[in-house]
Amino acid sequence: MGGGGSALRVCADHRGGINWLSLSPDGQRLLTGSEDGTARLWSTADGTCCALLQGHESYVTFCQLEDEAAFTCSADCTIRKWDVLTGQCLQVFRGHTSIVNRILVADKQLFSGSYDRTARAWSVDRGQVAREFRGHRNCVLTLAYAAAPCVEEAVAGGLLVTGSTDGTAKVWQVASGCCHQTLRGHTGAVLCLVLDAPGRTAFTGSTDATVRAWDILSGQQLRVFREHQGSVICLELVNQHCWLADTGERVRTFTAHRHSVSALKYHAGTLFTGSGDARARAFDAQSGALRRVFRGHAFVINCIQVHGQVLYTASHDGALRLWDVRGLPPPRAAGPKRSLSRLFSNKVGCAAAAAPLQPA
């Protein structure tokens, strides 16, 4: 069941575990951020390292790659902007007073969330804080942004949604810095959140083992997805619907993992997962059948990306591995639209998209 996958290349240049992996919008480059305090740019054409980004004074927690610039954040409380051609540091963003664990570049703005309990909006060009968002009682773990055209004129300038270990998510007016709504209901830390394409509904995952859907304009809780067996650490939307796992409602469960599921990516009818057992797997997203197992890493796989016919896996062992995914059986004919989850347990579930959301 599931033949072995062959590694096209092993990139072991980092001297510490890789915490994040980002693919450029044009698909030409990859960016890795590491425990060794550096980031590296890689060519997707041949897997070679294009540039070493040095300057952070502690480990890199997260990174985002755009076509013309790379952005990294670190436990040194700073964010850095880099030239993707030369590897030169173009800007250092200072102001946070604790670990910066998440950044988001959207709508020509840079947003950040930190263990100092704040989120911030920055001028990408000047490196200055444009707005500070205060109100969470604990660290800000995750960010999402809804652009102005997606929301009402009353919130022109867009909305920033933040999730925190204080158990709440907050919706902020970017233009004013005011808190528009506080989304209360979780009984544990909010570890992840994602917005639907219209930018009106937020889905939050928590250590309380639930996923909740919210109207970000009214603050209403629309639905609670229960029955998880562990913390929900990541959400991904596919076909504009939120995933629903382990509910007993037409659920498909992918049970081949021998350890926690640590990474997930949906691509062209195939569900790719990374696991604490140091293996990546490819499943038929509709039937749930295991198609291939990719062995070679020594520790947990923290992040995965797929581009063309290549799977990229980044691990706590410090290696970036490139895998040939050609020859995977084509996906079956499309059925009802589905969405997918990643969760901190040894299985991943998939269910048909639910009916239109109504207030809970």
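Karplus-derived 3J(HN,Hα) values for the stretch 195-206, using 6.51 cos²θ - 1.76 cosθ + 1.60 with θ = phi - 60°, are 9, 6, 4, x, x, 9, 10, 10, 10, 10, x, 9 Hz; glycine and proline are entered as x.
Start at zero, step by 10 Å, and the Cα-Cα distances of the stretch 129-229 spread as 17, 52, 26, 4, 0 percent across the bins. A simple packing score, the average count of other Cβ atoms within 10 Å per residue, orders the peptides 273-286, 97-110 as 273-286, 97-110, with the highest score first. Between the residues A75, G55, G37, the greatest Cα displacement towards the positive end of the dipole of the stretch 31-159, with unit charges on the Cβ of Lys, Arg, Asp and Glu, is found for A75. Between Q220 and C179, the simple spin-label model (points 7 angstrom out along Cα→Cβ) gives 2.2 nm. Using a simple spin-label model with pseudo-atoms 7 Å out from Cα toward Cβ, R94 and D26 lie 3.3 nm apart. Label-to-label distance for Q54 and R9 is 2.2 nm, based on points extended 7 Å past Cα in the beta-carbon direction. Across the options G177, S206, L193, the greatest Cα extent toward the positive end of the charge dipole of the stretch 129-229 (unit charges at beta carbon of Lys, Arg, Asp, Glu) belongs to S206.
FYI, it's all coordinate maths here, none of it is from the lab. Remember, predicted model here, so these are calculated numbers, not experimental data. Every residue, glycine among them, receives a Cβ derived from its backbone with ideal geometry; neighbour counts consider all protein chains shown.
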